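The values are calculated or read from the model by the stated rules, or taken from the named source; none is laboratory data. Keep in mind the model is a prediction, meaning the values are calculated, not measured. FYI the Cβ positions are ideal-geometry reconstructions off the backbone, even for glycines, and counts take in every protein chain you see.
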Amino acid sequence: MITLVEYNFHIKKKRWTIKSASTGDEHLIMNGETCIAQLFKQMRIIYIDENLLNDYEEMKETITHELVHAFIMTYAISIKQFRDEEFICEFIAVYMDDIYKLVQDIMATLLEQNIAENK
């Protein structure tokens, strides 16, 4: 059995939370379809499907994807800017290390929590 996990972190001194949720949970429904992760900007919460806890690579890719959204929203970056190749390169150059370090910390913590809860 998978135990639901939670992790709090900060981007630009703003508190964000990642929470796992059961497959089909209302927080994992987007446009009427189930999804594996979803970010709620106003609450600064990212929900991930609990089944990702069993798939390291997909979980890492999904968390990275959602963190990019979180960085974009926290730093109030316009989506229109991402049509510019130079801007994309600059975004990666500026935020890549922060995103990478955060992904590593989140992955380690969530996997530890899941292992400890399932012993």
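Some points to look at:
- A search for C-beta distances below 8 Å between a residue of the range 66-84 that is under 18 Å from TYR47 (Cβ atoms) and among the hydroxyl-bearing types (Ser, Thr, Tyr) and any residue that is at pLDDT 80 or above and not in a loop (DSSP other than H, G, I, E, B), counting only pairs 6+ apart in sequence or on different chains, returns THR74/ILE11; THR74/LYS14; THR74/TRP16.
- Of all residues in the range 1-32 being more than 11 Å from the chain's Cα centre (by Cα) and of a type in the set (Gly, Ala, Ser), the one that is surrounded by the fewest Cβ atoms within 10 Å (Cβ to Cβ): GLY32
- Condition broken by TYR56, with the remaining ones in (1) surrounded by 13 or more Cβ atoms within 10 Å (Cβ to Cβ); (2) closer than 19 Å to ASP105 by Cβ satisfied: (1)
- Check on ILE88, surrounded by fewer than 13 Cβ atoms within 10 Å (Cβ to Cβ), without any contact (Cβ under 8 Å) to a residue 24 or more places away in the chain and either in contact with a Phe, Trp or Tyr (Cβ under 7 Å, 6 or more places away or on another chain) or at positive phi (or both): yes
- Whichever residue in the range 70-80 is of a type outside the set (Phe, Trp, Tyr) and surrounded by 15 or more Cβ atoms within 10 Å (Cβ to Cβ) and, among such residues, is nearest to GLU33 (Cα to Cα): ALA70
- Single residue of the range 1-53 satisfying the filter (out of contact with any strand residue (DSSP E or B) (no Cβ under 9 Å at 6 or more places or on another chain) and either of a type in the set (Phe, Trp, Tyr) or more than 21 Å from ASP105 (Cα to Cα) (or both)) that is modelled with the lowest pLDDT: MET1
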